[in-house]
Structures are given as structure tokens and as C-alpha cells.
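To start, the structure itself, in C-alpha cells.
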Amino acid sequence: MLPEPYRLHHRADFSRTVRRGQRIGRRDLVVHALVHGYDGVVGADERHGAPVATGAIVRVGGPRFGLIVSKAVGSAVVRHRVARRLRHMCAKVISELPADADIVIRALPGAANAESDELLRQLRSGLRKLGVAQTPGRTGGRGRPVAAVPADVDVSS
């Protein structure tokens with residue numbers, strides 16, 4: 001389950017991320033990402049029309065995720081299954097994202113039949129392509145860790 005501080009709840013948050021953020025499509029997902037500073041975060045009062053003083057908002061938690069799983073994906077049972085799988089994947093990539101990121105994941109119809117590992121690969125690929133995700137560890141070709149070069153070794157030749 002994705003903890004409360006990591007969820008987008010309000011329509012305004014979804015709309016802002018989808019409209020102002022970057023988007024990348026994958027075979028079974030569309031990933032929308034918006035990274036903003038603390039001054040760009042909209043508070044609860046501003047959502048309902050009252051202005052909020054600059055610097056009055058403190059964002060707690062890390063990156064926030066929102067899911068869009070439409071009826072095109074399948075029946076209610078299938079949509080809920082896809083949403084549960086996507087929430088689980090979001091929990092896996094939290095540590096790879098900056099704390100001030102809002103991510104909206106739109107499931108496409110193929111997500112209903114896709115393997116979880118494949119969906120996670122597509123999510124990570126999309127986040128990396130958007131420049132939002134930080135790779136958890138540097139790897140060389142074929143996923144092997146890159147050995148650290150000692151400071152006294154000359155690598156200029």
C-alpha cells in the first residue's frame with residue numbers, strides 16, 4: 001500500500017501535473033511528471049479560492065503519485081487490480097524520485113494483461129527518460145555494477 005503522504009488526492013493536483021508537467025508514453029502506461037519547488041506547491045486554501053502567502057506552505061513527505069485507470073482498461077475488477085499493481089510499483093520507485101515531484105500514471109488498456117515486472121520497467125524507463133528518476137546505483141553494460149576507480153589511479157590514457 002502506498003502511504004498517505006505519497007498520494008495525490010485533489011483534482012487540481014492531477015490537472016496541474018497533467019497540464020503543466022512533462023509526458024511520455026510507453027506501451028502500457030503514460031507517465032506525467034511535474035517537479036516543482038516549494039514555492040510552486042498549491043496549498044489547500046488556494047485550491048478553494050483563497051490566496052496563500054508565499055513561503056507559507058511546507059510540503060511533508062516525498063514524491064506524490066496519482067493513478068488514472070479508465071474503463072477502457074477493463075471491468076471494475078480488472079481496473080482495481082491494475083491500480084493495486086501500480087500503487088505497489090510506485091512504492092518501489094519512491095527512493096529514486098525527488099521529494100518535490102508529482103507523478104500521474106495513466107494506465108492504457110494493455111496494462112490489464114501486462115506482467116508486473118514489465119509495467120515496472122516501463123514506469124522506470126519513462127521516469128528516467130523524463131529526467132525525473134535518479135538511477136539507484138550506477139551500472140555498466142548488462143546491468144553490472146561499475147567498479148569504483150581508486151583516487152590514486154590515472155585514467156587519462
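Here is a yes/no grid of residues against (1) within 25 Å of residue 80 (Cβ to Cβ); (2) at pLDDT below 90; (3) among the small types (Gly, Ala, Ser):
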position	(1), (2), (3)
5	yes, yes, no
14	yes, no, no
21	no, no, yes
25	yes, no, yes
28	yes, no, no
33	yes, no, yes
42	no, yes, no
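Is it the case that some residue within region 69-80 is at pLDDT 50 or above and among the polar types (S, T, N, Q)?
Yes: one or more hits.
Mind telling me which of the residues 136, 109 ends up being modelled with pLDDT under 95, more than 20 Å from residue 16 (Cβ to Cβ) and open to solvent by 40 Å² or more (accessible area, probe 1.4 Å)?
Result: 136 is the single residue among 136, 109 that is modelled with pLDDT under 95, more than 20 Å from residue 16 (Cβ to Cβ) and open to solvent by 40 Å² or more (accessible area, probe 1.4 Å).
The values are calculated or read from the model by the stated rules, or taken from the named source; none is laboratory data. Predicted model, so just to flag it, every value in this text is computed and none were measured. With ideal geometry, Cβ positions are generated from the backbone for all residues, glycine too; neighbour counts draw on all protein chains shown. The accessibility values were calculated without ligands, DNA or RNA, using every heavy atom of the protein model including side chains. Shrake-Rupley method; radii C 1.70, N 1.55, O 1.52, S 1.80 Å.
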